[in-house]
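The values are calculated or read from the model by the stated rules, or taken from the named source; none is laboratory data. Since the structure is predicted, the reported quantities are computational estimates derived from the model, not experimental observations. Every residue, glycine among them, receives a Cβ derived from its backbone with ideal geometry; neighbour counts consider all protein chains shown. The protein model used for the area step is the full one, side chains on, heavy atoms only, and it has no ligands, DNA or RNA in it. Shrake-Rupley method; radii C 1.70, N 1.55, O 1.52, S 1.80 Å.
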Amino acid sequence: IGADLACINNAEDEHEFRSQLLKNFNLGVADLMFCCTHTHAGPVVSRSHSNKPGGEYIEDYLGKLQRATRDAINNSVSSAVPAVLTWHYGKCQLATNRDLPDENKNRFVVGFNPAQKADDTLLVGRITNEQGNIIGTIVNYACHPTTLAWDNHLISPDFIGSMRELIEKNTNAPCLFLQGASGELSPAQQYSGDVKVAEKNGRQLGYAVLATLEDMLPPKMELVFEGIVESGAPLATWQLAEYQVSRQLSAEYIEVPFKLKHLPSLNEIEQEYNNCQDRAMQERLLRKRGVRKAVGDGETSAMPLWAWQLGDSFIIGQPNEAYSDFQLEVRQQFPSRAIALGNLVNGGTGYLPPSQFYDKDIYQEWQTPFASGSLELLTKTALKAADEISGTD
């Protein structure tokens, strides 16, 4: 299930939301991934903000969100038909690195860094029926939807909206977006109040998706080497041939024990918030309070990891904001597989930057409750899960 939300950033709200869906559809804990696009122009869906202006609408909105999700699941089950899911990798240059060194201070700021290369990997899944017609598209791409910022007062899916509109117009089928490991990735043009900038960013991604779809072979077909024709040059000939589609399906749920940094207690955070008069600092303290509630009071916190096998492909989801190192390494270890990786799946708690950033003044490091080595542990666990699933083929 996908939704144009930043995340359900309150542990109690997220647990209740997911528990209701699991109960309503008699699902196991491994069987549901609720994937937020992570738009920064979306509504607040945490009850902890109910005392703020407009907060009285949060409860009703959460109820509406649950009902819409249930309806989407029921509709998809009732209209299910035999289909083939085919994946193909492409490229898109929308995402840029956003860890910019501050020339005046020994720190990093969050914004376009042209000197650092970004992961431009795009993964597109094409779902076709028995007649070969597209009935759905899956787009997995890593890029923070932060085009719109403080000057914007509209609820918006950010660039995902115009991307989805373009794909659905050209395919006449629904499009699902899965936010990739985008901890340090965002558009170069961002923090705008102009929705046209968001729409432009979305079209850039959308046309890259369409190009990737055009590059795909027909369903259940592959190119097979046929032989060499001796001509003015020795010509290698390849022909389309049908292959047997894998029907492997499995779902795994794994808890990864992240070590926590030394954190102030919940009571200390609340006292600091009550004594704070600075609006920006109050917002940071509210986020810190939510994080503290989510990870608990121990020295470690068990973070979930979902690993699904769909035929020859994997979908791997987790609830934090991993850097792109996560997806790069997992895909590198399985070059013959299509692997979709998702951030902010079934909630959200903190960033997962690489260990080398833990001695630097950078937002993602001082925001996260997780100690150095957490991203590397997540990657190791995901690789092991994928390897074990592959071994059961």
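Computed about the Cα centre, the dipole magnitude for the chain is approximately 480 debye when only Lys and Arg (+1) and Asp and Glu (-1) carry charge, each at its Cβ. Coupling constants for segment 14-22 follow from the phi torsions by the Karplus curve (6.51 cos²θ - 1.76 cosθ + 1.60, θ = phi - 60°), and in residue order they are 5, 4, 5, 4, 5, 4, 4, 5, 4 Hz; glycine and proline get x.
Around R164, what is the net charge, scoring Lys/Arg as +1 and Asp/Glu as -1 over all other residues with Cβ under 12 Å from its Cβ?
-3
Applying 1/(1 + (r/R0)^6) with R0 = 41 Å to the Cβ-Cβ distance of L249 and V109 gives a FRET efficiency near 0.40. For the chain, the convex hull drawn through the C-alpha positions has a volume of 172 cubic angstrom per residue. Proximity of backbone amide H atoms, modeled 1.01 Å from N, is registered between G180 and Y141, A142, C143, N343 at under 5 Å, excluding neighbours fewer than 5 places apart on the same chain. The helix-only estimate of mean residue ellipticity at 222 nm for the chain, built from DSSP H runs of length n ≥ 4 each weighted as -39500 (n - 2.57), is -10000 deg cm²/dmol after division by the residue total. Treating each Cα of segment 90-143 as one equal point scatterer and applying the Debye formula with no solvent, the log10 of I(q)/I(0) at q = 0.14, 0.15, 0.16, 0.29 Å⁻¹ comes out as -0.54, -0.58, -0.61, -1.06. Per-residue extension of 0.36 nm, minus the Cα-Cα distance of A280 and E56, leaves a gain of 78.4 nm for this segment. Other residues within the sphere of radius under 13 Å centred on the Cβ of G317, judged by their own Cβ, net out at -2 (K and R +1, D and E -1).
Rolling a 1.4 Å probe across the protein heavy atoms gives segment 1-86 an accessible surface of 53 Å² per residue. The order of the peptides 315-321, 75-81 by mean Cβ neighbours within 10 Å, most packed first, is 315-321, 75-81. Against the chain, whose longest principal axis comes from its Cα atoms, helix 58-78 is set at around 20 degrees.
Listed values for segment 149-161 are Karplus-derived 3J(HN,Hα) couplings in whole Hz (6.51 cos²θ - 1.76 cosθ + 1.60, θ = phi - 60°), namely 9, 5, 7, 8, 10, 10, 7, 8, x, 6, 5, 4, x, and x replaces Gly and Pro. With one equal scatterer per alpha carbon and no solvent term, the Debye-computed log10 I(q)/I(0) for segment 95-188 at 0.14 1/Å reads -0.63.
If you take the Cα centroid of segment 60-87 and the Cα centroid of segment 146-184, the two points sit 19 Å apart. Ligands, DNA and RNA aside, T121 has an accessible area near 20 Å² when probed at 1.4 Å. Amide H contacts of L260: T300, S301, A371, each under 5 Å away and 5 or more positions distant or on a separate chain (H built 1.01 Å from N in the peptide plane; Pro and chain starts excluded). Label segment 14-147 by shape, choosing from rounded, prolate and oblate, from the square roots a ≥ b ≥ c of the eigenvalues of the Cα gyration tensor; if a/c is under 1.5 it is rounded, and otherwise prolate applies when a/b is larger than b/c, oblate when it is not. The shape class here is oblate. Note on segment 241-344: Rg/Rh from Cα positions, Kirkwood definition for Rh, rounded to two decimals, is 1.17. Computed over protein heavy atoms with a 1.4 Å probe, the carbon and sulfur contribution to the accessible area of the chain reaches 50%. For segment 187-316, the solvent-accessible area works out to 63 Å² per residue, with a probe of 1.4 Å and every protein chain left in place.
For segment 252-304, the orientation-averaged shadow of the C-alpha convex hull comes to 4.1 nm² (one quarter of the hull surface).
Under 5 Å between amide hydrogens, built in the peptide plane, is the criterion, and for L352 it picks out E321, A322, Y323 among residues at least 5 positions away or on other chains.
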